[in-house]
Structures are given as C-alpha cells and as structure tokens.
Amino acid sequence: MVARTGAPDRLVGKIRNSYRLAAAGVKTWVNCPRRMQPAYHKLRQDLHGHSPITMRVVGGGWGLACNGIHFLDLAAFLFGREYPLATRLRYFGCMQRSLDRLWDSIQAIDLRTEALRLEVPVVLLIGRADYNTPWELTQDWAQQLSAPHLEVVWFDGVGHFLPIENRDAFQRTLIEKVLPLAS
C-alpha cells in the first residue's frame, strides 16, 4: 500500500529526538522500540533467570524484513544484555540504511491493485489519525478487498501505533473480533 511520499530520512530526526527525550527522563518511543515501554521492562524482570521462550515470526516479503527486526530486538532486550547508547544508535542507523534501500520497492506496492482477494479472515484495525498509512487508503482497499470474513474496526484519535496509543481498545478488539476467528 502506498503509505506516504515523504523522504525516509525523517526517521533519523525522530530517533535523535527520542534519545534526547530519554536522556532527559521522558518516556517516549520511536518506530516501536518496545524496550522503552514499562510493560516490557516488567516482562524482562519477570523472565530473568527463566528458560527462554520460543518465538515464531511468520510472514514474508518486505513487511517481515521491516518488522522482523522488532521481534529480534525484543528478544535481544528480554534475554540479552543492555547495550550502550552508541550500539543502540548503530541499530537505528542500520534500520535507516535498510529503509533507504527498500523505500522505492515499498512505495511501488499498492495493495489496492495487488491484493484484492485474501483467502484468510481479515480484521482491519484503522486509526483515523494514522500519518504512516492514511486511513483513506486503507478504507479504499477495504472496499475493494474480498475475503472469507472482512471487518473494518475504526479508532478515532488513534494513529499508526494502536497497541501503544490505546492498548485497552486494541486488546478488547483482539479478544472480541479476532480471537473468535482463530477457531
């Protein structure tokens, strides 16, 4: 899906600002660094000294390439040692270089023409304040999409990070709308 037409270098500025805020003691996050969320710090404490969990990430294409790094980062955070700021900044530099190289291919994907039929149940959770994937594009795709089950759930005042911006509504929606489809 065409998400936005801006240059990917805006991410570097966001990352720098995030670290400035973190150094000042302000709780913030950029592009899902889950390590800054208090719940993940609690989970890390609870898991300390226990056997590692098994995590399976399923998917493909650029979506897994872009988002898979977050799962690896989460596993490293939960079970690994804490890395110095310079190392963490290199992580974001790597992420930025990957985005720079993938940007044209990402922009070339338009689900409104390339994915009009899915053979799985689909529940779209759409934030009307999403600046990464404007809701109008998602709505347009949803109107064209065919699937065994298709449901659109709207969230006013929520952006791209629904699990963080409104975790209660996100969890409730998963339980009420998605979980019944799993059986």
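The values are calculated or read from the model by the stated rules, or taken from the named source; none is laboratory data. Remember, predicted model here, so these are calculated numbers, not experimental data. Cβ sites come from the backbone with ideal geometry, for glycine too, and all protein chains shown count toward neighbours.
Assorted remarks:
- Exactly one residue among 158, 152 is more than 29 Å from residue 43 (Cβ to Cβ) and either of a type in the set (Phe, Trp, Tyr) or at pLDDT 85 or above (or both), and that residue is 152.
- Of the criteria (1) modelled with pLDDT of 90 or more; (2) touching a Phe, Trp or Tyr at 6+ places or on another chain (Cβ under 7 Å), which one residue 163 fails: (1)
- Selection over the range 110-168 of residues that are part of a loop (DSSP other than H, G, I, E, B) and polar (S, T, N, Q) gives a count of 3.
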